[in-house]
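Below you'll find the structure, written out as structure tokens, and then a few comments.
The values are calculated or read from the model by the stated rules, or taken from the named source; none is laboratory data. Keep in mind the model is a prediction, meaning the values are calculated, not measured. Every residue, glycine as well, gets a Cβ built from its backbone with ideal geometry; the counts of neighbours run over all protein chains shown.
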Amino acid sequence: MASRLWGSRAASYLRISIKPSFNFYRPFSSVLKDLKYADTHEWVKVDGSSATVGITDHAQDHLGDVVYVELPEVGATVTKGDSFGAVESVKATSDVNSPVSGKVVEVNGELSSSPGLVNASPYEEGWIIKVEMSDPGEVSSLMGADQYTQFCEEEDNKH
Amino acid sequence: MNNRFPGLINSRRFKNTGFQAISKFQAGYQTQYLQVATRASFTERRNFQVSQLGAKSLLPRSPVADENSDNFQGMRSKRTLEIWKMGIVNYLDALKLQEKLASKRKLGVITDTLLSLQHPPTYTLGKRRTYHNLLIPESELSAMGANLHYTERGGDITFHGPRQAILYPILSLREAGLGARKYVENLEATMVRLSSLYNVKVHAGESGQTGVWVGERKIGAIGVRISSGITSHGLAFNIDPDLSFFKHIVPCGITDKGVTSLRMEAEMELPEDEVIHEQLVSCFTQLFGYEHVVWKDRSFFP
């Protein structure tokens with residue numbers, strides 16, 4: 001909130017007009033405490049060397065109703081930061097990136113018949129892939145819940 | 001407008017960044033930017049022949065002004081759009097160009113770019129490969145003079161052809177502060193605004209029916225791909241294409257609705273396609289809030 005006030009003060013000093021934001025300021029989307037987050041809005045749940053990956057509540061909200069999820073093959077390799085699949089919503093396909101590197105051991109087949117699970121339950125039933133991590137240390141470079149919440153707020157307040 | 005610039009020009013941010021990066025662009029772009037700068041407080045600069053100004057004479061050049069440096073990023077906060085006017089372009093050529101531009105945009109080497117063009121008769125399928133919505137065998141397509149292409153965009157099967165205005169924005173959604181849904185809504189609003197210039201009553205589709213409609217007939221379609229936050233593909237607006245091509249598909253997978261065009265819906269004479277393209281681009285730049293706009297004629301696209 002403080003950054004918004006500063007932003008509008010700076011804008012009026014420089015005499016730039018602020019466009020009203022299209023979205024109402026909505027309270028931050030749900031963020032779960034024990035997950036890690038990437039800045040491309042994917043979450044990862046670590047369990048030893050195995051990781052479950054999905055997209056966050058913030059992401060599904062900005063996408064709209066998901067109508068199709070493109071899943072990778074079981075056994076495919078994923079690399080941190082690279083895309084492994086895509087979700088389609090409102091005539092837009094958006095790539096989904098993996099927050100960790102490793103091998104895909106399981107994909108959520110439910111999403112082929114019920115892609116809306118990504119919207120309804122992004123952290124639970126809407127999980128997308130399970131990865132056997134090749135480098136568990138990568139997780140430490142991801143954001144925690146509080147950091148991610150702040151990241152989302154900053155992104156939403158940009159305009 | 002004039003009052004805003006002194007504050008910006010005298011700021012350290014402007015002095016240290018923007019200008020060096022501009023020298024990377026062609027003279028046309030550089031000229032435009034300098035015009036804006038000289039429109040600031042000092043009247044005597046207004047008549048300055050901009051083409052006589054070299055970058056060296058105004059500001060010192062940084063010794064390492066490479067394209068990926070932070071200096072370049074500072075320029076982008078001014079929301080610049082580069083528009084390519086391209087004429088009729090083969091679908092595959094346009095696809096390759098978009099991929100090239102999208103990877104450049106991702107690296108931050110270029111600014112937001114908009115391609116304004118038309119295609120020869122082409123059917124395209126989206127990522128879901130809804131092949132069943134093509135109602136005739138593929139072999140008959142070449143007899144009609146049409147092609148079929150598979151793409152990674154969202155959306156179902158559609159037809160592109162001459163006299164259909166196409167816009168392919170290559171934007172960074174993150175810098176624009178837009179999510180996929182909001183971006184698509186803005187594309188719909190662009191076509192709605194253009195149609196209202198011709199007093200055609202259009203509305204954006206309800207949920208599941210993205211696009212722009214006149215009653216039960218679709219006048220504008222959207223299919224977008226977002227990869228690493230960069231958009232490609234975009235919108236297609238029917239000015240006066242040959243609508244009989246649409247009979248051979250279930251357009252966008254929606255069975256009980258028809259297709260229409262601006263020519264059929266508008267009760268006034270339409271100007272040349274080029275004018276309508278420019279109006280469509282204007283609606284786009286207004287809705288997306290671009291402050292600087294640079295037009296490039298790319299009709300001799302190799």
Considering (1) closer than 21 Å to B:GLN118 by Cα; (2) surrounded by 21 or more Cβ atoms within 10 Å (Cβ to Cβ), say which one B:GLY179 fails and leave the rest. (1)
Failed criterion for B:ILE226 (all others in (1) surrounded by fewer than 21 Cβ atoms within 10 Å (Cβ to Cβ); (2) touching an Asp or Glu at 6+ places or on another chain (Cβ under 7 Å) hold): (1)
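From the residues in the range B:247-291 that are of a type outside the set (A, V, I, L, M) and in contact with a helix residue (DSSP H, G or I) (Cβ under 7 Å, 6 or more places away or on another chain), which one is surrounded by the most Cβ atoms within 10 Å (Cβ to Cβ)? Before you say what the answer is, go through the steps one by one.
Residues of the range B:247-291 that are of a type outside the set (A, V, I, L, M), as a first pass: B:247-248, B:251-253, B:255-258, B:260-261, B:263, B:265, B:267, B:269, B:271-274, B:277-279, B:282-286, B:288-291.
Narrowing the set further to residues that are in contact with a helix residue (DSSP H, G or I) (Cβ under 7 Å, 6 or more places away or on another chain) leaves B:253, B:261, B:279, B:283-284, B:288.
On the way: B:GLY253: 15, B:SER261: 22, B:GLN279: 16, B:CYS283: 20, B:PHE284: 26, B:PHE288: 20.
So the residue we want is B:PHE284.
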Candidate set: the range B:156-198, residues that are more than 18 Å from the chain's Cα centre (by Cα) and under 20 Å from B:GLY126 (Cβ atoms); chosen: the one farthest from the other protein chains (Cβ to nearest Cβ): B:PHE159
Qualifying strands (runs of 3 or more DSSP E) (wholly inside the range B:208-302; at least 1 residues being without any contact (Cβ under 8 Å) to a residue 40 or more places away in the chain): B:212-214, B:217-227
Which of (1) farther than 21 Å from B:SER282 by Cα; (2) at the interface with chain A (Cβ under 9 Å from one of its Cβ atoms); (3) surrounded by fewer than 24 Cβ atoms within 10 Å (Cβ to Cβ) does B:THR210 not meet, given it meets every other one? (3)
Which of the residues spanning the range B:97-127 are of a type outside the set (S, T, N, Q), away from chain A (no Cβ under 14 Å) and over 19 Å from B:SER172 (Cβ atoms)? B:LEU117, B:HIS119, B:PRO120, B:PRO121, B:TYR123
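Within the range A:7-57, work out how many residues are at pLDDT 65 or above and either assigned to a loop (DSSP other than H, G, I, E, B) or more than 14 Å from chain B (Cβ to nearest Cβ) (or both).
Taking the range A:7-57 and keeping what is at pLDDT 65 or above, we get A:9, A:29-57.
Filter again for either assigned to a loop (DSSP other than H, G, I, E, B) or more than 14 Å from chain B (Cβ to nearest Cβ) (or both), leaving A:29-41, A:43-54, A:56.
Adding up the residues that qualify gives 26.
Does any residue of the range B:132-139 turn out to be in a loop (DSSP other than H, G, I, E, B), crowded, with 23+ Cβ neighbours inside 10 Å and either out of contact with any Ser or Thr (no Cβ under 7 Å at 6 or more places or on another chain) or more than 10 Å from every other protein chain (Cβ to nearest Cβ) (or both)? Talk me through it step by step, then tell me what you get.
From the range B:132-139, those in a loop (DSSP other than H, G, I, E, B) are B:135-138; that's our starting set.
This time we only want the ones that are crowded, with 23+ Cβ neighbours inside 10 Å, so: none.
So far as the range B:132-139 goes, no, none of its residues is in a loop (DSSP other than H, G, I, E, B), crowded, with 23+ Cβ neighbours inside 10 Å and either out of contact with any Ser or Thr (no Cβ under 7 Å at 6 or more places or on another chain) or more than 10 Å from every other protein chain (Cβ to nearest Cβ) (or both).
Residue by residue through the range A:90-142, note down the ones that are of a type in the set (Val, Ile, Thr), within 21 Å of A:LEU32 (Cα to Cα) and part of a loop (DSSP other than H, G, I, E, B).
Narrowing the range A:90-142 to residues of a type in the set (Val, Ile, Thr): A:90, A:93, A:96, A:100, A:104-105, A:107, A:118, A:128-129, A:131, A:139.
This time we only want the ones that are within 21 Å of A:LEU32 (Cα to Cα), so: A:96, A:100, A:118, A:128-129, A:131, A:139.
A:VAL100, A:ILE128, listed by residue number.
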Within the range B:140-151, which residues are in a loop (DSSP other than H, G, I, E, B) and aliphatic (A, V, I, L, M)? B:ALA146
